[in-house]
C-alpha cells in the first residue's frame, strides 16, 4: 500500500504517522553513558513501553500507524541500501571492522541491531580500553521520531542534527525515505546528512507546519540561525511556502525545541508556555517573506509569535501550560506540558500527569478522555468533537519530550479556514 507524503498543517485529520516503540536500546544505556546520548537519567523499558503502547493504541484508532523499525527492515532488504547504510554508520563511528558482519545479517535483525547498539570488536588496545561496550552506540532517542525527519507538503526534510549522538537516526531515516518502495513523495527539500557545516543545524521539533504556505521555525539550542536560513532557502526554492515565522527561543535544556513551549491544538487555539510566548519575557519573532524570484527575504520583527501570526491573518487563543500559576507553569513545561500532538482539529493527545494544563484545556472546552478508554472503545472519539486524550507518561517524559516529539506525521487531510 502506498505511503503518501502530504502534510500542510499541524492539525489536519491524521492519515499516516510513524512511531517507534522503545526497545532494548533504552536499557543499553548506563548512568555513565546516558549523558553521551543526551539523557539526564536512564529510563525503565518496561514502564516506558507500557506508556508508549497507549500512544500507539490511540493513534491506531484514528490513523494508519507505522513502526519505524519495520520500515527500516523493508529497505535493508535491498543489498545496495544495506551496504551503503552500514558503510555510512561504520564510517561515522570509525569501526570498519564491523562492516562484513553487519551486511551478512538478515534485514529485520540488522534493523534492530542498528537501533539497539552494535557491540565493539576489541581489535586494538584503544578499542579494548574504550569505556563503551558499543562501537555503534544504542539510539535511545529513536522513539522521538519527530526530530530527525520533517514532512512538509509533499516533500521530506532530513535533519541536520545538533549532536553526533543523533546523526545515526538521520541516516536511518534518510534510507527509509529515499529508498522505501511504498513511499511516494516529491523528494527532499533538504538532506542534513550531507551537511558538512557543524554550525548549520535543523531539527524537527523546531518546524511547525501552520498551513500550505506558512511555516513556523524555532531558532533554538538545536536549530541554529544558519540552519534556519538554509532551510528557508531550500523550501522556498521548491515552493509553495513563501512565509516563515522564526521564533528566537532560549538556548536551554528546558526549551530545546519550539514545540516544548508552543503547539497548535485547533484551528484557533494553541497551548503555550506563558513566560516565553505571552508574558513580558516572550520570545521575539521575525516574519521572513520570500518573493518568487529567489531573492533574499523581507524581514519584519514582532514582539512574539502570536503577534506575528495575527499579522498574517491567523489569530490564536493561547491555552496556558500549567494553568494560571507560574509555579505550575514551570513544573509542567519541564514535563512536556506544552507538547501536544493533534490528530485532528481540536483533537489532541498529551500526558495526563500535567493536570493543571489538562484543567486549562477542559476550561477551554475540551472533553477529557483517558487513553485506555479510547483504546478499549469505551470512549469513542466523536467526529468534530473537542477532546484531549490523556496518556501515562511519567517515564517517557523523563526522556525530554512529549507526544508531538514521539510522532512523525506523514499525511493529513486538508483543513479549511486556516
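Throughout, read-outs are computed from the coordinates displayed, never taken from laboratory work. If you're wondering where the values come from, they're calculated on a predicted model, not measured in any experiment.
For the chain, DSSP calls about 55 percent of its internal beta bridges antiparallel.
For the chain, what log10 I(q)/I(0) values come out of the Debye formula at q = 0.08 1/Å, with one point per alpha carbon and no solvent? Here log10 of I(q) over I(0) equals -0.41. Volume per residue for segment 262-418 equals 142 cubic angstrom (convex hull of Cα atoms).
The orientation-averaged projected area of the convex hull spanned by the Cα atoms of segment 1-66 comes to 6.2 nm².
What is the log10 of I(q)/I(0) for segment 48-102, computed with the Debye formula using one identical point scatterer on each Cα and no solvent, at q = 0.13, 0.27 Å⁻¹? With one equal scatterer per Cα and no solvent, log10 I(q)/I(0) is -0.53, -1.01. Determine the distance separating the Cα centre of segment 240-275 from the Cα centre of segment 158-229; give it in Å without decimals. Spelled out, the Cα-based centre of one part sits 17 Å from the other.
With semi-axes defined as the square roots of five times the eigenvalues of the C-alpha gyration tensor, the equivalent ellipsoid of segment 72-131 measures 23, 11, 9 Å, largest first.
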